[in-house]
Amino acid sequence: MVRHRFAYARTTEAALFPGTTVRYHYRTGDSLATVVERTDRFVTFIGPDCDGRFTHDQIDHLIDDDRLEVVLDDDCHVPDDERAVLE
């Protein structure tokens, strides 16, 4: 019997763009957040319980360490008073 090999692409910072939902695991817990900005150097996300601004390399390290995950849903987790950032 021959087993098929699958090649899986690893998630990188390139998957994060404004509107992407992420789950950020921090020291005291975890929280959902929405990416609000992506520049040539930084990715910024905002959520009700966490905010983050990281370089692309830092984002890759967070993903590799299972501290940042892309969430596949359509919900926006930016607090109402900060929604203007996305618009």
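The values are calculated or read from the model by the stated rules, or taken from the named source; none is laboratory data. These figures come from a predicted structure and were not determined experimentally. Backbone-built Cβ (ideal geometry, glycine too); neighbour counts: all protein chains shown. What goes into the accessible areas is simple: the full protein's heavy atoms, side chains included, and nothing from ligands, DNA or RNA. Shrake-Rupley method; radii C 1.70, N 1.55, O 1.52, S 1.80 Å.
Taking the stretch 1-36 as the range and being surrounded by 15 or more Cβ atoms within 10 Å (Cβ to Cβ), modelled with pLDDT of 85 or more, under 13 Å from I59 (Cβ atoms) and not small (G, A, S) as the test, the residues that pass are E13, L16, T20, V22, Y24, V35.
Taken over the stretch 15-37, the residue count meeting the criterion of being in a loop (DSSP other than H, G, I, E, B), touching a residue at least 24 places away in the same chain (Cβ under 8 Å) and of a type in the set (S, T, Y) is 1. Here is the figure for the stretch 38-52: residues that are outside any loop (DSSP other than H, G, I, E, B) and open to solvent by 80 Å² or more (accessible area, probe 1.4 Å) total 2.
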